[in-house]
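S.K.: So that we are looking at the same thing, I have put the structure below in structure tokens.
Read the figures in this text as sums done on the coordinates, not as results from a lab. Keep in mind it's a predicted model, so treat the numbers as computed, not measured. Because the Cβ atoms are built from the backbone with ideal geometry, glycine has one as well, and the counts that use them run over all protein chains shown.
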Amino acid sequence: MNKRFFIIFYSLFTAILYSQDFYSNLREKYWTYEENDPKALVYVNQYIKKAKSENNYPELFQAYKDAITYSENKKLNYADSAIAAAKNSKNNDLIGDAFLTKGVIYYFNQRKFQLALEEYLKAYEYLKDSKNEYLKYRNIYHIGVVKSYLGYYDEALEIFEQCISFFETKINGDIKENLVFNNTKGYLNSMHQAIICYQMLDKSKDAEILLKKAAEKIPKIKEFNLENSYFKKSLGVSEFKNKNYTAAITHFDQALPELIKVNDFTWASYIYFYKGKSYELLGDQKLEVENYRRVDSIFNKNKFILPELRSNYEELIEYYKKDNNHKEELYYTNQLLKVDSVIASDFKHLSTRIYKEYDTKMLLETKENLEKTNSYSKLLIFICLAIITALGFVVYYRVRKQKNIQKTYEDLLVKLEEGSQIVPVTIPVKTEVVEPTDSNDKSIKFDNSIVEKLLNDIQVFEANQGYLEQGLTLKKLSEQFKTNTSYLSQVINEYKGSNFNTYINVLRINFATQKIYQDKEWRKYSIEHIASAAGFSNRQSFSNIFLEQNGIRPADFIKKRIKELEDQNNNS
């Protein structure tokens, strides 16, 4: 009996060892192939077949995960198979890893952030209590990438700094060992993302410190060519910000080949944009436009673009506008509208889910842990009451704010309905041309004929809406009027009751206000688009001056106008 038991036990033990040797030997055969090389799938398929025959779900999961690496066009199919195998294994770490892997495909290969976030959040549910810290931090890292894309750079930076601290403790050892290799990848990618956040937050010195550290830490082997390209790209951005445009272009050109090789179209388009900006500042308009057009080509193919590349289209529109090429100007105007639509769609979905399903869950988990470990119930009640009180103040403030906005809006409507100009009380802008004889009452010391000519020029300028030109200065306008800045400045001060900048801003805000009020198409535009159309170089400046002049922000004015018209239609 004992002998029979021994034989059975020995047979099973030998079979297990043989299976493990079989899997290990197969992996060694294809491990040296480069990513997306289908030749490796010959061995991977043998791996899949063997694992299936043994119902060995952990190995089957690994086989499908390896297939994802070497497949070119069926990554999502293998990802779904990996999820199924992981679920059959009933191992939460494997299930979380499977969902995370599928999310990475959506993020890296397709840049579909909405679908990627769906998978990251599923993975989070399985990994939040895992003892496998590498998987937990890898999942958190990818959620940080979504935050960075949304523009929450401070919050994303906190995540990447946590990831850097974790991975840095795990990278010492032989780089050929799987665990060290993976943690080194995690460490370098976290550094890259942190550098992006620093650069977007204009913390150039912090970014340069990390770039220097990355240069020392990155292994000099081909498996890290992609990470090296990311740092070259970031070096290019750093040189650009330091106004070293030729050096920036050199770094960009060094980074591009590897990014193109792995089809990382996101950072490729980012490089083309910054190359275009560099050539613009170097005065090479041909190469400037050529690189901007490449950004558009990538957007057409992949229907994805980083929000900070939006101005790529503004540059192209302005270029073809000056060139009187109305066909190209119209094309890129339509492209900009498509870009705005894609960005707006991503932001609305992602920002809601990242806060409701990730940040809120993190807070709730923290709350549950506190309740388990903290017996001070009175303190908790006090905190809850404090929060409720604070929320009450917030609600009261919001209601009061909305009432003030409504009152300001109604006051503004009165002026619009009466057809009066909307100007600050302290700036009595005059639209009529004052006869030169009136200048005797003014402090102007030069000839009346000059005053008369300038007032007529100003009247034509206002009638032709010349104030909508971006970058308009007193010097440019005085050159148009064939006079000097001193004469023009004095006439504007005396007859318009303000300095040049205030005068131009009043005209622009009047124009934008009337357009929003009268034209339904304008109410569909983004604030950035309206600001640009009204001659302002950026959204924030336009919004602030609109508020100062009209007592209400443009976004609130648009909402109130749309609601007013909807109410009128419902009542009619």
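S.K.: Within segment 114-185, list the trypsin sites (Lys or Arg not before Pro) lying in a DSSP loop whose Cβ has at most 10 other Cβ atoms in a 10 Å radius.
M.R.: K131, K176
S.K.: Looking at the square roots a ≥ b ≥ c of the eigenvalues of the Cα gyration tensor of segment 189-252, which shape do they give, rounded for a/c under 1.5, prolate if a/b is larger than b/c, or oblate? Intermediate values should be presented prior to the final figure.
M.R.: On the way: a/c = 2.13, a/b = 1.31, b/c = 1.62.
Cα axes put segment 189-252 in the oblate bin.
S.K.: With label points built 7 Å along Cα→Cβ from the Cα atoms of K322 and N36, find their separation and express it in nm.
M.R.: The modelled label-to-label distance comes out at 3.7 nm.
S.K.: Restricting to DSSP loop positions (anything but H, G, I, E, B) with no more than 16 other Cβ atoms inside 10 Å of their own Cβ, which trypsin sites (Lys or Arg not before Pro) remain in segment 514-550?
M.R.: Answer by residue number: K520.
S.K.: Too long at a 19 Å Cα-Cα cut-off: which of K128/K185; K217/K277; K29/K65; K277/K303? Each step should come with its number before you reach the end.
M.R.: Details: K128/K185 21 Å; K217/K277 30 Å; K29/K65 16 Å; K277/K303 22 Å.
Violating the 19 Å limit, Cα to Cα: K128/K185; K217/K277; K277/K303.
S.K.: Would you mind ranking L281, L256, L188 by Cβ crowding within 10 Å, fewest neighbours first?
M.R.: Taking fewest neighbouring Cβ atoms as first place, the list is L281, L256, L188.
S.K.: Right, something else. Using θ = phi - 60° and the Karplus relation 6.51 cos²θ - 1.76 cosθ + 1.60, list the HN-Hα couplings for segment 205-219 in order, rounded to whole Hz, with x at every Gly or Pro.
M.R.: 5, 4, 5, 5, 4, 5, 5, 5, 5, 4, 4, 7, 8, 6, x
S.K.: Determine, for I562, I444, I164, the number of other Cβ atoms within 10 Å of each Cβ, and report the residues in order from fewest to most.
M.R.: Ordered by Cβ neighbours within 10 Å, fewest first: I562, I444, I164.
S.K.: Can you give the Rg and Dmax of segment 41-182 based on its C-alpha atoms, in angstrom?
M.R.: Rg, Dmax (Cα atoms, Å): 15.7, 50.
S.K.: By per-residue mean of other Cβ atoms within 10 Å, what is the highest-first order of 56-66, 328-338? Display every interim value, and only then the final one.
M.R.: Values: 56-66: 22.0, 328-338: 16.5.
Packing proxy ranking, top to bottom: 56-66, 328-338.
S.K.: Once you have the Kirkwood Rh of segment 443-560 from its Cα pairs, apply Stokes-Einstein at 10 °C and 1.306 mPa s and quote D in µm²/s.
M.R.: Once the numbers are plugged in, D ends up at 104 µm²/s.
S.K.: Go through segment 121-135 residue by residue and turn each phi into a ³J(HN,Hα) via Karplus (6.51, -1.76, 1.60, θ = phi - 60°); whole Hz please, and just put x for glycine and proline.
M.R.: Along segment 121-135, the couplings run 5, 5, 4, 4, 4, 8, 9, 4, 9, 6, 8, 7, 5, 4, 5 Hz.
S.K.: I need the calculated FRET efficiency for the pair K559 and S537, taking r as the beta carbon distance and R₀ as 25 Å, to the nearest 0.05.
M.R.: The value I calculate is 0.55.
S.K.: What nm value, rounded to one decimal, do you get for the distance between D253 and Q46 when each label is placed 7 Å out toward the C-beta?
M.R.: 4.6 nm
S.K.: Rounded to whole Hz and in sequence order, give me ³J(HN,Hα) for segment 311-327 from the Karplus expression 6.51 cos²θ - 1.76 cosθ + 1.60, θ = phi - 60°, writing x for Gly and Pro.
M.R.: 5, 3, 6, 5, 5, 5, 4, 5, 4, 6, 5, 5, 7, 6, 9, 5, 5
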